[in-house]
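Novice: I have a structure here, written as structure tokens, and I will follow up with some questions on it.
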Amino acid sequence: MEYQVISDSSCDLEADLKEKYNIEVVPFFVSFEEEKYYKEIEEIAIRDVYDKMVSNPKKYPKTSLPSVQNYVDAFMPHIRAGRGVICVCITTSLSGSYNSAVNARDIICEDYPDAKITVINSYGATVYQRLYVIEAAKMQQQGYSYEENVKILQGQMRDTARIFFTVGDLDYLQHGGRIGKLAGLAGSVLNLKPLITLEGGSIDSSGIARSRKKSMAKTIELLKSYFKENKENPVDYEYAVGYGYDMQEGIQYKKQVDEALKEMGVEKGADLVQIGATICVHTGPYAIGVGLVKRFGCCTD
């Protein structure tokens with residue numbers, strides 16, 4: 001059967017890639033005020049979000065997840081046309097977007113009991129979710145069935161995906177209540193830089209570094225260690241570098257990542273992506289790191 005790939009805007013996809021892979025995106029909302037919320041990208045540019053954060057460092061922005069109705073509106077044209085829907089959402093540890101999509105599915109299935117709607121918790125966000133949803137779209141374009149696509153997405157591909165990153169400090173994670181297992185880090189007090197891994201929907205501490213430069217270098221060491229420890233082949237993966245406010249820092253970091261990938265036998269470099277508003281309001285304007293997802297053709301499911 002025909003089907004459509006949909007994601008919430010945590011996937012940080014540019015307009016040209018949405019068109020290339022025929023991926024529909026349901027936006028989050030961003031607010032710097034008490035009442036007024038703007039649709040991410042559609043009503044407020046990501047650059048404007050960062051400029052506001054940097055110019056007002058103690059004024060924390062907020063996000064609002066897509067509503068149940070937002071998802072109903074996204075799903076219904078495809079259900080009426082007889083298409084299935086695969087909807088990929090940000091990890092439930094960071095947002096309730098998945099729950100909104102599930103509720104929308106349940107509402108639709110009351111009137112369309114034969115509708116095929118699979119809502120997937122990606123266990124990830126930003127560059128990880130981006131790579132993951134692109135793999136879903138590639139499978140759809142290459143003729144994978146609805147069932148085959150869902151099986152691979154919910155199997156080894158999701159289990160092996162990661163982001164290794166660092167942030168400027170822990171203030172935003174603390175303020176947003178997303179600090180979880182990082183609560184024991186004294187980075188803000190000691191001016192140390194935290195190393196963080198996002199995997200399986202969990203944000204975990206992976207150590208600390210004494211400077212920004214060292215913390216960025218250590219994220220690349222975490223990347224290398226992942227393949228050694230898990231006996232995975234780096235060539236089987238897709239990669240993306242995510243950066244925040246400072247594009248030049250992102251470009252330099254990508255060069256370091258690409259050099260490391262080349263040493264591991266990966267000729268193709270990582271994508272370079274500005275982290276979107278959905279995540280930067282939690283991590284702050286200076287998050288930077290590398291995400292990886294196992295290519296669908298290399299998954300054993």
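Throughout, read-outs are computed from the coordinates displayed, never taken from laboratory work. Computed from a predicted structure; not experimentally measured. For neighbour counting, all protein chains shown are included, and Cβ atoms are generated from backbone atoms with ideal geometry for every residue, glycine included.
Novice: Remind me, relative contact order of the stretch 1-130 in percent, using alpha carbon pairs under 8 angstrom and six or more residues apart?
Specialist: Values: 207 pairs, mean separation 39.7, N = 130.
Relative CO of the stretch 1-130 lands at 31 percent.
Novice: Here's another thing I want to ask about it. Amide H neighbours of Ile117 under 5 Å, at least 5 residues apart or on other chains, H built in the peptide plane: list them.
Specialist: Amide H neighbours of Ile117, under 5 Å, 5+ apart: Val85.
Novice: Need the full-extension length gain, Lys36 to Lys214, defined as separation in residues times 0.36 nm minus the C-alpha distance. One decimal, nm.
Specialist: Extra length from Lys36 to Lys214 when fully extended: 60.2 nm.
Novice: I'd like to compare 77-90, 224-237: which one has the highest average count of other Cβ atoms within 10 Å, and what's the full order after that?
Specialist: On the way: 77-90: 20.3, 224-237: 13.7.
Highest to lowest by the protection proxy: 77-90, 224-237.
Novice: Normalise the Cα radius of gyration of the chain by 2.2 N^0.38 Å (N = residues in it) and let me know the number.
Specialist: Compared with the compact-globule rule of thumb, the chain sits at 0.97.
Novice: In addition: Can you give me the long-range amide H partners of Asp8? Hydrogens built in the peptide plane at 1.01 Å from N, cutoff under 5 Å, separation of 5 or more residues or another chain.
Specialist: Val26, Val88, Ile90
Novice: So what is the relative contact order for the chain, in percent, with contacts set as C-alpha pairs under 8 Å and at least six apart?
Specialist: Averaging sequence separation for qualifying contacts and normalising by length gives 21 percent for the chain.
Novice: Still on this structure, I have one more. To the nearest 500 deg cm²/dmol, what mean residue ellipticity at 222 nm is calculated for the chain from DSSP H runs of n ≥ 4 alone, each contributing -39,500 (n - 2.57), summed and divided by the residues? Kindly include the intermediate steps, with their values, before the conclusion.
Specialist: Working: 12 runs with 125 residues, N = 301.
The per-residue figure over the chain is -12500 deg cm²/dmol.
Novice: If the cut-off is a Cα-Cα distance under 21 Å, which lysines reach Lys59, setting aside same-chain residues fewer than 8 apart in sequence?
Specialist: Filter leaves Lys36, Lys39.
Novice: Please find the FRET efficiency linking Arg295 to Asp51, where r is the Cβ-Cβ separation and R0 is fixed at 30 Å, and quote it to the nearest 0.05.
Specialist: Taking R0 as 30 Å, the efficiency between Arg295 and Asp51 is 0.25.
Novice: Now for a separate question. Compute the semi-axes of the equivalent ellipsoid of the stretch 1-80, taking the square root of 5 times each eigenvalue of the Cα gyration tensor, and list them largest first in whole Å.
Specialist: 28, 15, 8
Novice: Another question, then. Return the sequence-ordered ³J(HN,Hα) values of the stretch 242-251 in whole Hz as given by the Karplus equation 6.51 cos²θ - 1.76 cosθ + 1.60 applied to θ = phi - 60°, using x for Gly and Pro.
Specialist: x, 10, x, 6, 9, 5, 5, 4, x, 5
Novice: What does the extension gain come out to for Glu267 and Glu249, with contour length at 0.36 nm per residue minus their alpha carbon separation?
Specialist: 4.3 nm
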